[in-house]
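Quick notes on the structure that follows.
Each reported figure results from applying straightforward, stated rules to the coordinates on display, with no laboratory input. Here the structure is a predicted model, which is why all the values come from computation and not from measurement. Using ideal geometry, Cβ is built from the backbone for each residue, glycine included, and neighbour counts are taken over all protein chains shown.
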Amino acid sequence: MGERVRGAAAAATFVALGVLAAGCAQIPTSGPVVGGEPIEPADQQPPFIQVQAPPPAQGAEPAEIADGLIEAMGSYEAGFETARLFLTEDAALSWNATAGITVYGGARPDIKEIPGGVRVTMNVTGTVGVDGTYEAAPAGTTKTIEFGTERVNGEWRISDLPDGLIVAEFTFGREYEPHNVYYFDPGLNVLVPDPVYLPQNENAATLLAQRLLAGPSDWLAAAVRTSFPESTELGVDAVPVRAGTATVKLSGDAGLATPEERELMTAQLVWTLSELPEVDQVEVLSGDVPLPQGGRAVSTEDGTMAKFAPPVLSLETPLYFISDDGIATLAGGEPRPVQGPLGEMADIREFAVNVGGNRAVVVSAAGDELQVASFGADEVVETLAQGIDLSSPSWDRAGLVWAVDHGVEGPGVRVNRPNGESVELIAPGLQGRDVDRLAVSLDGTRVAMIVDGRAYVGTIIRDVDARSAIRLDELRPLGPEGQAIDVGWNAADSVVVLLATGGDEPLPYIVGLSGQVTEPRGLAVENATRVATAPPTERRIILETAAGVLLEQRPGNRWSEITTGRAPAYPG
């Protein structure tokens, strides 16, 4: 079995979008993408109570049948048996409930009787594909569909309807919850989360394993890799979880893989299933033969599995910023310049520190040069590239330097290797648009951006064998509508967007790639201009104000001054 790039396969089981109603998390309204509060241990969670929709009422009119059908679509059942009671026999057999979801907000859909059926009009907030991907609809989007009706034994039934579900936003919080499925970056070095949504009343371990084997979502597929052969399936109907151990039996071809490939497959399953609160470790079998070497159940904390963890920065990683003297860090609460010429280089716009924390790229004061140097007394500053109105540098795990460059025709973004060699960036979604800020995820597969004043996230498509070009694709909006000012990654599956809404002062919103938005708490920060954050989520959020003050959010949602300075940044 060779390593391969696998595109998104058709889902073996439909996985729908949901919202975890926790803390201040909100139902998605304008983004694809934030984690809510931590999930409580299984023995502390309130039991899930399924809401059963009523069957058709005797003598109901066509509009009432259509309304009852939509209500029944919102109460999840494996086969949607209750919803099918509202259909004719032929329609019940042909209707595909797993073809996607139209999510509507506000009041119930407007239903009017028309000749031969009913017309349903709703305010659409988003749609969910068969792969579990949520796409936000622009504000004010409406959708009209028609149901055909006919009498069956004197009772009205729906005879014709489009495939898929129609579900209210509120129902998502009741019926579905988000999970991450893990795939590899192109180099097979680290795991990348792909958010999916599962019904709460189903076997989550089974559905997660099925979703993983089906391949990544359409949105992420070209940016990641999977270690499973396309023919790999579950060898049994379910994944049992007993005493904290999930047992996954795969079809026999998985056992034919090399030891390295078996380790990669095990890692994807262990990290995916271990996000369930009831799973402490995972046993992976091919037939009845253990897949991992050693033949034992493993957890994310085992050395062979931990090395593939989604990348984060150590909690000891310092915050960097521009002081009156140059690039500095906070040590013992006091600014301390970095070693070498960059610690004495105050007249710069911005900078980015590499993931290793030993080198930085800076934007010259005139905004026309990218300069680079390592931290050290004997290091020298070299010119990396020249541009026009350069800003927002970012350094990815592959060693590439990204920056906004208004002199680059087309995307308005430049990418350079550490030796200055330019890398072609193919970004059709940026043509004719204004890019203001950007931040590459630590795993190197996605980039968050401010484009035309709106936050977006796109996928980075790299060919590990061809180094001449990379592609930025699949831009999707992030978070609520408003004036986006800055953006940064605070977890592998969420970003912080500094956003001003409704004329208010800007505040940091946590926006998950699953579609959730966690609103800021505490008082607004006057004239906030930049945000600094980095995985893991425990890391603090730092704001810069127009007055050059750096603020940190403290317990109790208070903002406290930590120092004066500009352009706060964590490595990356």
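Peptides 352-359, 207-214, 475-482 ordered by packing proxy, namely the average of other Cβ atoms within 10 Å per residue, highest first: 207-214, 475-482, 352-359. Amide H to amide H distances under 5 Å link residue 437 with 450, where only residues 5 or more positions off or on other chains count and H is placed in the peptide plane. Straight Cα distances below 16 angstrom link residue 112 to the lysines 143, with same-chain residues fewer than 8 positions distant left out.
3J(HN,Hα) couplings calculated from phi for region 334-343 with the Karplus curve 6.51 cos²θ - 1.76 cosθ + 1.60 (θ = phi - 60°) are, in sequence order, 10, x, 9, x, 5, 5, x, x, 5, x Hz; Gly and Pro show x.
Partner aspartates and glutamates whose Cα lies under 14 Å from the Cα of residue 249, excluding those fewer than 8 positions away in the same chain, are identified as 233, 237, 283, 288. The residue list 431, 217, 290 was ranked by how far each Cα lies along the charge dipole of the chain toward its positive end, using unit charges on Cβ atoms, and 290 comes out on top. Distance between the 7 Å Cα→Cβ label points at residue 547 and residue 564: 1.1 nm. Summary of packing: across the peptides 439-447, 195-203, 554-562, the per-residue average of other C-beta atoms within 10 Å ranks them, highest first, as 439-447, 195-203, 554-562. The residue 110 and residue 500 beta-carbon pair, evaluated with R₀ = 51 Å, returns a calculated FRET efficiency of approximately 0.95.
Packing around the peptides 311-318, 141-148, taken as the average count of other Cβ atoms within 10 Å per residue, puts them in this order, highest first: 141-148, 311-318.
Maximal additional length on extending the residue 344-residue 473 stretch stands at 42.6 nm, based on 0.36 nm per residue less the C-alpha distance.
Within the straight-line cut-off of under 14 Å between alpha carbons, the aspartates and glutamates reachable from residue 307 are 185, 260, 263, 443, sequence neighbours fewer than 8 places apart in one chain being disregarded.
DSSP beta bridges fully contained in region 227-306 are about 50 percent antiparallel. Only helical runs count toward this figure. For the chain, summing -39,500 (n - 2.57) over DSSP H runs of n ≥ 4 and dividing by all residues gives -3000 deg cm²/dmol at 222 nm. Overall size of region 266-382 from C-alpha positions, given as principal axis extents largest first: 64, 30, 25 Å.
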